[in-house]
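Written out below as structure tokens is the structure these notes cover.
None of the figures in this text is laboratory data; all of them are computed from the coordinates on show. Small disclaimer: the values here were computed from a predicted structure and weren't measured. Positions of Cβ are generated from backbone atoms using ideal geometry, with glycine treated the same way; all protein chains shown enter the neighbour counts.
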Amino acid sequence: MVSAALSGRPVAEADAAVIAESLTDPDRFARIFDLHADEIHRYAARRLGPEASLADDVTAETFLVAFRKRRRYDLSRQDSRPWLYGIAANLIAKHRRTELRRLKALARTAEPDGEAFEQRSVDRMDAERLGPSLAAALAGLGAAERELLFLVTWADLSYEQAAEALSVPVGTVRSRLSRTRAKIRRSLEGTR
């Protein structure tokens, strides 16, 4: 078995070879779906929230778009995950307004538990109290910043893979992610 270098998953063949074969045998593209659909679905579900049908739709549409665009796939790229995440990210962008409204609503819903602020230790701040502040910080990010952050943190893409998924240079990923992290830190410091 050949190991897909960046994903660490064992596969019988590289994604690029399967995509190349699918150009003459379209049924071969089902292998790409079999390998990556669950991962793309998990990412879409985390990005779009609890309504499973949206994640199902984005996953299905991601592979439909990928199938239709497979002739343009760069066959020098052995791992198709960054390409698929890029397609999914574009589809998720259609749902960003809903996402932004959801983050803003989450930021408004959870109130502090009444415990005196001075008595709370930053080290003991639990995820429940941090959740609304973090949601507000995420809602304050631009769409491109949020997408990059989620690709790196939730999809666990490397900077290089995120750059490929978003069609931007790696340097842009590094600088944008640095600025994004700084914005979140500043926003969260205001809640302490």
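Using a Förster radius of 35 Å, what is the FRET efficiency between ASP34 and ARG186 based on their Cβ-Cβ separation? Nearest 0.05, please.
The value I calculate is 0.20.
Identify all lysines with a Cα-Cα distance to LYS183 below 17 Å; exclude those on the same chain that are fewer than 8 residues away in sequence.
LYS104
Can you give the FRET efficiency for VAL168 and ARG71, using 1/(1 + (r/R0)^6), R0 = 30 Å, r = Cβ-Cβ distance, to the nearest 0.05?
Efficiency at R0 = 30 Å is approximately 0.80.
Take the Cβ-Cβ distance between ALA60 and ALA93 as r, set R0 to 22 Å, and report the resulting FRET efficiency rounded to the nearest 0.05.
Once the sixth-power term is evaluated, E becomes 0.85.
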